[in-house]
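The values are calculated or read from the model by the stated rules, or taken from the named source; none is laboratory data. This is a predicted model, so every value here is computed, not measured. Reconstructed Cβ throughout: ideal geometry from the backbone, glycine too, with neighbour counts over all protein chains shown. Ligands, DNA and RNA are excluded from the accessible area calculation, which covers all protein heavy atoms including side chains. Shrake-Rupley method; radii C 1.70, N 1.55, O 1.52, S 1.80 Å.
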Amino acid sequence: MKTIKTAAVAIALSALSFGVFAAQPVSPTEAQSMNKIGTVSVEGATTLDGMEAKLAEKAAAAGATGYSITSANTNNKISGTAVIYK
């Protein structure tokens, strides 16, 4: 029982810490007041939510605080690109 509680706490804390560091989607209006620092792209997602999560992860890894998805393609596996901002 103690192991289950420990695992549940660890999962909850890891989810919270990921949310703190993840880049957030930004609107075109918000993007105007931010600095564009590049683009990121992903391939092989199975859902649109999965594609967005992968783009957010790559944006955060690149030091971005925000991103704006610019394209998505659904040829068998989902791929997409996003402009990243800081």
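What number of residues in segment 42-64 are of a type in the set (S, T, N, Q) and open to solvent by 80 Å² or more (accessible area, probe 1.4 Å)?
From segment 42-64, those of a type in the set (S, T, N, Q) are 46-47; that's our starting set.
Adding the requirement that they be open to solvent by 80 Å² or more (accessible area, probe 1.4 Å) leaves 46.
So the count comes out to 1.
Only a single item in (1) surrounded by 20 or more Cβ atoms within 10 Å (Cβ to Cβ); (2) in a helix (DSSP H, G or I); (3) not aliphatic (A, V, I, L, M) is not met by Tyr67, and it is number (2).
In the set (1) modelled with pLDDT under 95; (2) open to solvent by less than 60 Å² (accessible area, probe 1.4 Å); (3) hydroxyl-bearing (Ser, Thr, Tyr), Tyr85 fails one condition alone, (1). Among the numbered conditions (1) β-branched (Val, Ile, Thr); (2) open to solvent by 90 Å² or more (accessible area, probe 1.4 Å); (3) modelled with pLDDT under 95, the only one that Thr39 does not meet is (3).
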